[in-house]
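The values are calculated or read from the model by the stated rules, or taken from the named source; none is laboratory data. Remember, predicted model here, so these are calculated numbers, not experimental data. Positions of Cβ are backbone-derived with ideal geometry, glycine not excepted, and every protein chain shown enters the neighbour counts.
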Amino acid sequence: MYRRKRTSDTFRKSATYLSALLSSVVLIAIIVFVIINGSGLLSIKLLVSDYHPKNYSLEDKTNKLDRSLSPFEKPSNLNENEYFSYDYGITLKDSKDSEGKNVVVISRLDKRSPLYRMDDKSDPQNTVQLKTGFEINTIIFDNGSVTSRNGAEMMVLRLEEANYIETMSLSSGGGGIRGSLLTTFVLIILTLAIALPFGILTAIYLNEIASKNKFNDILRSLIDMLTGIPSIIYGLMGAALFVPFSMNVFKTQGGSLISGSLTLAIIVLPVIIKATEEALIVVPRPYKEASYALGANMTQTTFKVVLPNALPGILSATLLSIGRIIGESAALIYAIGTAIKDDVSIFDKGTSLAVHMWAVMAGEVPNLEMASSIAIILLVLVLILNISVKLVSRKFLKKYEGAL
């Protein structure tokens, strides 16, 4: 009997250790996978750049670009994928953009080059200064054309053969997530501004005011049920209810950050209510009794004694809500849309970081590197939020412990 009991305990302990080990391995594997695939694109430029590139259409109005300084001196330290034009003093190289597409990039440009400044085709009074990092899409010559699909080497060969350049199509920037990052923060602020007051007041009603009756029992059941509803259903509700609401009230054109925030507010409302109610429950009863003994009424006791002592729990509810907002994608696809915007407005469409990640993976060629880079940013944001709320909660706990 003793041996059987010992064997059973050993088996349970081994199963516990093995489960913990497997869970840790899976979590670490996910983090390592994301870091390996996304660290290459991760940079400050990714965070501050627009997603859509700025396009230029340039021309030589007179077809007389000054080539009197040619041939230019070839740089001595060219890389294998760099190609130099003696006639124009420009060095091009084959590269890939943030979406993994092959592009031809200006890697070096002599300031005396005839291509250093060209006329802007869309604005005859304006000139554009070419810079390193610009992507050349198309060049049209007097005797043909060449595109980035032909590669840097062919583009340089055609430059050397042509008599003059008629037009050049270039682009700069692009591939960044600045707009989606700002949209995520706007959604967090708007959603919490809507959901927190309603959630906290509902929790106060359920814990401090509500009596045990059928109506309150049904209300609690509905709140519990809302916690387990798939987010895609919230998205359908947002598309059917909040999108028309924002169009009629705020005169938006379809989905907007307002309709998205209202949808997210409904999603996080049960989380805020349950977490706040639990925080209110753990406030020691002597606090209330002391407040009543000093002549305070129920409202004063609730808002001046109970609620401040429940603040660490409310902050935890806020953290959980922010995490849900940051990671939500399915509901926002319906409530806002998937149009990646660089200009952020609460009255317009946009994408959060999670939806942006979905969008780059839903294209014809899934961009795993970009999606992984966004995933790293999401993980860092969640980590920062966790640490911040824990520090604030600890500060409040020390404050109230010192007051006792």
(request) Assess whether residue 337 counts as being within 11 Å of the chain's Cα centre (by Cα) and at pLDDT 85 or above. (result) no
(request) Starting from residues that are among the basic types (Lys, Arg) and loosely packed, with under 15 Cβ neighbours inside 10 Å, keep the ones in the range 257-310 and report whichever is nearest to the chain's Cα centre (by Cα). (result) 304
(message) For the structure I just gave you, tell me whether residue 91 is outside any loop (DSSP other than H, G, I, E, B), over 29 Å from residue 356 (Cα atoms) and polar (S, T, N, Q).
(response) yes
(request) Kindly provide the set of residues from the range 263-298 that are touching a residue at least 60 places away in the same chain (Cβ under 8 Å) and among the polar types (S, T, N, Q), ordered by number. (result) 263, 276
(request) Go through (1) part of a helix (DSSP H, G or I); (2) in contact (Cβ under 8 Å) with a residue 24 or more places away in the chain and name the single condition residue 197 misses. (result) (2)
(message) So, residue 183, is that one part of a helix (DSSP H, G or I) and either touching a residue at least 40 places away in the same chain (Cβ under 8 Å) or touching a Ser or Thr at 6+ places or on another chain (Cβ under 6 Å) (or both) or not?
(response) yes
(message) Among the residues that make up the range 192-214, is at least one of them closer than 29 Å to residue 349 by Cα and of a type in the set (S, T, N, Q)?
(response) no
(request) Scan the range 100-118 and give yes if some residue there is surrounded by fewer than 16 Cβ atoms within 10 Å (Cβ to Cβ) and either of a type in the set (Asp, Glu) or outside the structural domain of residue 147 (by TED's automatic domain parsing) (or both), otherwise no. (result) no
(request) Output the residues belonging to the range 1-38 that are exposed (fewer than 10 other Cβ atoms within 10 Å of the Cβ) and among the basic types (Lys, Arg). (result) 3, 4, 5
(message) Consider the range 228-256. How many of its residues are exposed (fewer than 15 other Cβ atoms within 10 Å of the Cβ) and either part of a loop (DSSP other than H, G, I, E, B) or not assigned by TED's automatic domain parsing to the domain that holds residue 350 (or both)?
(response) 5
(message) Between 321, 316, which is at pLDDT 85 or above and in a helix (DSSP H, G or I)?
(response) 321
(message) So in the range 105-161, with the set limited to residues that are touching a Phe, Trp or Tyr at 6+ places or on another chain (Cβ under 6 Å) and part of a strand (DSSP E or B), which one is farthest from residue 87 (Cα to Cα)?
(response) 128
(request) For residue 79, state whether it is polar (S, T, N, Q) and loosely packed, with under 14 Cβ neighbours inside 10 Å. (result) yes
